Amino acid sequence: MVIEVKNLVKRYDRIIALDYFNLMVKEGQIHGILGPAGSGKTTLLDCILGLKKYDKGSILLWGKKMDRDSYELKKDIGVVLEEEAVFEELTLYENISYFCSLYVGDKQKVKEFTKETIEFLGLEDFIKLYPKKLSPGLLRRLSFACGIVHKPKLLILDEPIEGADPHSRKKIMDSIQELKNRGTTILYISQNMDEIEQLSTEITMLDRGRAIAQGTKEELKNMISLGEKISVEV
Ligand code: ATP
């Protein structure tokens with residue numbers, strides 16, 4: 001198991017953001033977390049990454065507990081957040097290379113991985129541009145590139161194509177599928193049913209901090225149609 005979340009509870013004063021939440025992500029899966037605004041997605045992400053303390057429960061990554069200082073675990077994780085987390089004063093090339101150098105010591109490898117990632121996302125024509133000069137779609141591709149350049153074993157994506165044009169969306173979606181084919185485990189967090197359905201092998205539906213449904217696409221579809229049938233019969 002790559003991610004194992006058990007009975008996770010996180011409160012902000014009286015608000016219960018995560019309410020005995022459980023999640024199991026197996027190696028090589030794309031696991032989609034689908035939930036509306038305020039359902040607890042960001043809180044879950046922060047708890048998994050060791051950025052927020054939780055009140056109850058446990059989180060294990062590859063069987064180990066994660067905290068702010070878990071460098072060995074962190075280098076195996078790539079994160080792409082909804083908001084851009086790139087440096088304005090660095091060019092597209094320098095940004096990708098910088099994020100790579102945080103986890104890869106060998107300078108030649110940093111060059112190699114940076115070049116490979118730029119080609120993977122079709123960013124060759126934009127390497128000298130600063131983020132301010134990039135379109136929203138190219139910015140999304142740059143953020144994605146910064147998250148994957150060190151070849152993480154686990155990729156955590158929070159609304160990775162939000163605001164991107166159709167071409168960049170397709171580039172990112174195809175890259176996610178390709179990374180899965182290469183064996184990367186992916187946690188894909190989104191409010192968008194179509195994206196989740198298109199990519200995920202397993203899905204968890206999150207509502208007010210609770211996992212209200214969990215399973216493969218087919219299992220969830222059966223549950224939904226069964227639910228509709230029951231409500232019609234009632
Ligand atoms: P969105 O998609 O809008 O980002 P989300 O699904 O990521 O939403 P969270 O941001 O995790 O949801 O919020 C879950 C609940 O916890 C919401 O009710 C939110 O208002 C509340 N919450 C989140 N952060 C805080 C905080 N720092 N202080 C108080 N309440 C918070």
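The values are calculated or read from the model by the stated rules, or taken from the named source; none is laboratory data. In this text, all values refer to a predicted model and were calculated from it rather than measured experimentally. Here Cβ is always computed from backbone atoms with ideal geometry, including for glycine, and neighbour counts include all displayed protein chains. Ligands, DNA and RNA are stripped out before the accessible areas are found, and what is left, the full protein with its side chains, is counted by its heavy atoms. Shrake-Rupley method; radii C 1.70, N 1.55, O 1.52, S 1.80 Å.
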Of those in segment 164-202 that are within 16 Å of the ligand (Cβ to nearest atom) and in a strand (DSSP E or B), the residue surrounded by the fewest Cβ atoms within 10 Å (Cβ to Cβ) is SER190
Result of the Cβ filter at 9 Å on segment 202-213, keeping first residues that are touching a residue at least 60 places away in the same chain (Cβ under 8 Å) and under 12 Å from SER190 (Cβ atoms) and partners that are within 12 Å of the ligand (Cβ to nearest atom) and among the basic types (Lys, Arg), at least 6 apart or interchain, is LEU206/LYS41
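Report yes if GLY40 is within 16 Å of ILE186 (Cα to Cα), touching a residue at least 60 places away in the same chain (Cβ under 8 Å) and surrounded by 20 or more Cβ atoms within 10 Å (Cβ to Cβ), otherwise no.
Details: within 16 Å of ILE186 (Cα to Cα): no; touching a residue at least 60 places away in the same chain (Cβ under 8 Å): yes; surrounded by 20 or more Cβ atoms within 10 Å (Cβ to Cβ): yes.
Spelling it out, it is not the case that GLY40 is within 16 Å of ILE186 (Cα to Cα), touching a residue at least 60 places away in the same chain (Cβ under 8 Å) and surrounded by 20 or more Cβ atoms within 10 Å (Cβ to Cβ).
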Reported set for segment 30-69 where residues are part of a loop (DSSP other than H, G, I, E, B) and under 17 Å from VAL79 (Cβ atoms) is LEU49, GLY50, LEU51, LYS52, TRP62, MET66, ASP67, ARG68, ASP69
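Could you count how many residues in segment 3-16 are open to solvent by 10 Å² or more (accessible area, probe 1.4 Å) and assigned to a strand (DSSP E or B)? Can you show your working first?
At the first step, the residues of segment 3-16 found to be open to solvent by 10 Å² or more (accessible area, probe 1.4 Å) are 4, 6-7, 10-16.
Filter again for assigned to a strand (DSSP E or B), leaving 4, 6-7, 10-12, 15-16.
Residues flagged as open to solvent by 10 Å² or more (accessible area, probe 1.4 Å) and assigned to a strand (DSSP E or B) within segment 3-16 amount to 8.
Would you point out which residue out of MET223, MET205 is among the aliphatic types (A, V, I, L, M), open to solvent by 40 Å² or more (accessible area, probe 1.4 Å) and within 16 Å of the ligand (Cβ to nearest atom)? Spell out the reasoning first.
Values: MET223 fails: within 16 Å of the ligand (Cβ to nearest atom).
None of the others qualify; the one that does is MET205.
Got a sec? Which of TYR12, TYR93, TYR71 is at pLDDT 95 or above and more than 12 Å from the ligand (Cβ to nearest atom)?
Of the residues listed, the single one that is at pLDDT 95 or above and more than 12 Å from the ligand (Cβ to nearest atom) is TYR93.
Taking only segment 69-84 into account, find how many residues are open to solvent by 60 Å² or more (accessible area, probe 1.4 Å) and closer than 27 Å to ILE161 by Cα. It would help to see each step written out before you state the result.
Start the filter on segment 69-84 by keeping residues that are open to solvent by 60 Å² or more (accessible area, probe 1.4 Å), which leaves 69, 71-72, 75, 82-84.
Now narrow it down to the ones that are closer than 27 Å to ILE161 by Cα: 75, 82-84.
Residues that pass the stated criteria total 4.
Would you point out which residue out of LEU34, LEU49, LEU61, LEU45 is under 20 Å from LEU157 (Cβ atoms), within 16 Å of the ligand (Cβ to nearest atom), among the aliphatic types (A, V, I, L, M) and open to solvent by less than 10 Å² (accessible area, probe 1.4 Å)?
Numbers: LEU34 fails: open to solvent by less than 10 Å² (accessible area, probe 1.4 Å); LEU49 fails: open to solvent by less than 10 Å² (accessible area, probe 1.4 Å); LEU61 fails: within 16 Å of the ligand (Cβ to nearest atom).
Answer to the check: LEU45.
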Log entry, pairs with first residue in segment 74-85 being under 16 Å from TRP62 (Cα atoms), second being open to solvent by less than 60 Å² (accessible area, probe 1.4 Å), beta carbons closer than 6 Å, six or more apart or on different chains, reads ASP76/PRO152; ILE77/PRO152; ILE77/LEU154; GLY78/GLY147; GLY78/ILE148; GLY78/PRO152; GLY78/LEU155
Scanning segment 70-92 residue by residue, the ones that are part of a helix (DSSP H, G or I) and in contact with a Lys or Arg (Cβ under 7 Å, 6 or more places away or on another chain) total 1
